[in-house]
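So the structure is just underneath, and the comments pick up after that.
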Amino acid sequence: HLAALVLARGGSKGIPLKNIKLLAGVPLIGWVLRAAIDAGVFDSVWVSTDHDEIEKVAKQFGAQVHRRSPEVSQDSSTSLEAITEFLNNHHEVDIVGNIQATSPCLHPSDLIKVADLIQKEGFDSVFSVVRRHQFRWSEVKKGENKMTEPQNLNPAKRYRRQDWPGELYENGSFYFAKRHLIEKGYLQGGKMAYYEMRAEHSVDIDIDIDWPIAEQRVLSFGYFGKEPLKEVKLLVCSIEGCLTNGRIYVTEDQKEMVSYDYRDLVGIDLLKKRGIQVRLISERDCSKTLSAMQLGCVAEVSATNKLQVLEDWQKDIGLSWKEVAYLGNEESDVECLKKAGMSGVPADACAVAQKAAGYICKSNGGCGAVREFAEHIFLLLEKVNSARKQ
C-alpha cells in the first residue's frame, strides 16, 4: 500500500496558514494534492494536519485527513515524528510518499517515476534533488584570522557553466520511504536513490518574498490538470458581485445606482483586443445600468437559469467548454463555474462559489476582480502558446 502524505501544520512563523494561502488562485496545498491524485499511483492520498481550515481544503481537493496530535504539531516537531504517528494509525500502509506542501510545481509524471523506483526496482527510499551550478566557499566566522577556501572549484581554472555538470542538492519536494526504515527512525536509508527534478519545477516557498516569484513560476511551469489547456475565446461575467460590488443605491426619487471600478472596464477592453469575447449575465433586469456603462458587450438580463444561457452561448459560438471562462460569485453561478474550462470568483464570493472555482481573486467584486481575472487568463494564454511552440 503506497500512501501519499502531505504534512500541513496550521502554525507557521513565516506566513500564517501558509499551506492554504492562495497561490495563483489555488490554495498552496491544492497544487501538490492535484498532482498526487492525478498521478494515479497512490492507494491513498492523505493530509496530516491539526487545523480545521486545512482539513476542509484537503477534503475539497479529494484527500483524506489524518488529524495529528498536539504532541507532533509543535514548532519543534519533526517530519519524521508526524510520519511515524501517521503510520502508527494506518497499519495498512507499507510505503509513504511524503510530499512537501510548499512545492507547487510538482508534476504527476515525477511521482509516477518515483513510484516505479521504489515499487518495481526495489529501492527502500527515494528523494528529490535538483542540479545546481553554484561555486561553494568555506565560511569564515567574524573574528577568525583565516582566509576562505574554495570547496568545489579551482579559482585558477574556473569552469564554464556548459563544461561543468554541477552538483545535486536536495530540494525537499518529496521523500519516499518504506515502513521498516521509518520505524527505525530514517527517511533516507537502505537501498537509496535520488530522483532529479527539472530546475523549473523545483520551487520551494519558505518566506514571504518567494510568493510573487512562485506565482509566476507556477503559472509557467505548474501542473493544471489532466486535460491540456486551450486558448480561452469567451469570458462570461456575472454582473452583480463581479463587475459591480453587488450593492444597489436608491435615491430619494427611487432611482437605482450601482458602482463599478474603472480597472474592470480596462480589463474588458484588453480582453476584446486579444480577440476574447466578453458577455455579461445577470439575474436582475439591469439593462439601464448596462446602457449607461456603454461596455458594448452582449448581455443577458433577468436570467433565471444562468447555466442554460451559458450553454446556449457556448453552442452558438461553437466553442468547447475548455475555451470558455466564467467569473461568478453566487450559488446561482456554481454550475457555470463547474462547466467552464477556466473559472474564477472575487475574494468576497460566497463559500460554495469559491469551492467550485479554479481561481480565487485577491480583489473583491466591483473592486478590480474582472481586471485581475483577465490578467490570469492572459498568463495562462502565454502557457498555452509556450506549449504549442514546444
Out of (1) farther than 15 Å from V6 by Cβ; (2) at pLDDT 95 or above, the one W137 does not meet is (2)
Look through the stretch 168-218, keep the residues that are basic (K, R) and within 25 Å of A3 (Cα to Cα), and return whichever of them is surrounded by the most Cβ atoms within 10 Å (Cβ to Cβ). K178
Looking only at the stretch 256-297, which residues are of a type in the set (A, V, I, L, M) and open to solvent by 60 Å² or more (accessible area, probe 1.4 Å)? M257, A292
Condition first: more than 18 Å from C242 (Cα to Cα), modelled with pLDDT under 90 and part of a helix (DSSP H, G or I). Can you find one or more residues in the stretch 356-378 that meet it? yes
Answer residue from the stretch 16-50, given it is open to solvent by less than 40 Å² (accessible area, probe 1.4 Å) and among the β-branched types (V, I, T) and is nearest to V345 (Cα to Cα) among those: V26
Subset of the stretch 150-175 [in a loop (DSSP other than H, G, I, E, B) and either in contact with a strand residue (DSSP E or B) (Cβ under 7 Å, 6 or more places away or on another chain) or of a type in the set (S, T, N, Q) (or both)]: Q151, N152, N154, G166
Strands (runs of 3 or more DSSP E) contained entirely in the stretch 1-108, each with at least 3 residues that are closer than 30 Å to A199 by Cα and modelled with pLDDT of 95 or more: 2-7, 44-49, 95-99
What pairs come up if the first residue lies in the stretch 16-32 and is under 15 Å from R217 (Cβ atoms) and in contact (Cβ under 8 Å) with a residue 12 or more places away in the chain, the second is in a helix (DSSP H, G or I) and of a type in the set (S, T, N, Q), and their beta carbons are under 7 Å apart, counting only those six or more places apart or on different chains? L28/N19
Residue list for the stretch 321-337, restricted to those being more than 11 Å from S238 (Cβ to Cβ) and open to solvent by less than 40 Å² (accessible area, probe 1.4 Å): E323, V324, A325, V334
Within the stretch 103-113, can one find any residue that is more than 19 Å from A36 (Cβ to Cβ), open to solvent by less than 40 Å² (accessible area, probe 1.4 Å) and in the same structural domain as N88 (by the TED database)? no
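This table checks each residue for (1) surrounded by fewer than 13 Cβ atoms within 10 Å (Cβ to Cβ); (2) within 22 Å of W164 (Cβ to Cβ); (3) at pLDDT below 90.
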residue	(1), (2), (3)
L117	no, no, no
E121	yes, no, no
F127	no, no, no
V130	no, yes, no
K141	yes, no, no
E144	yes, no, yes
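The values are calculated or read from the model by the stated rules, or taken from the named source; none is laboratory data. Values in this document were obtained by computation on a predicted structure and should not be read as measured data. Please note: Cβ atoms are built from the backbone with ideal geometry, for glycine as well, and neighbour counts cover all protein chains shown. Only protein heavy atoms, including side chains, enter the accessible area calculation; ligands, DNA and RNA are left aside. Shrake-Rupley method; radii C 1.70, N 1.55, O 1.52, S 1.80 Å.
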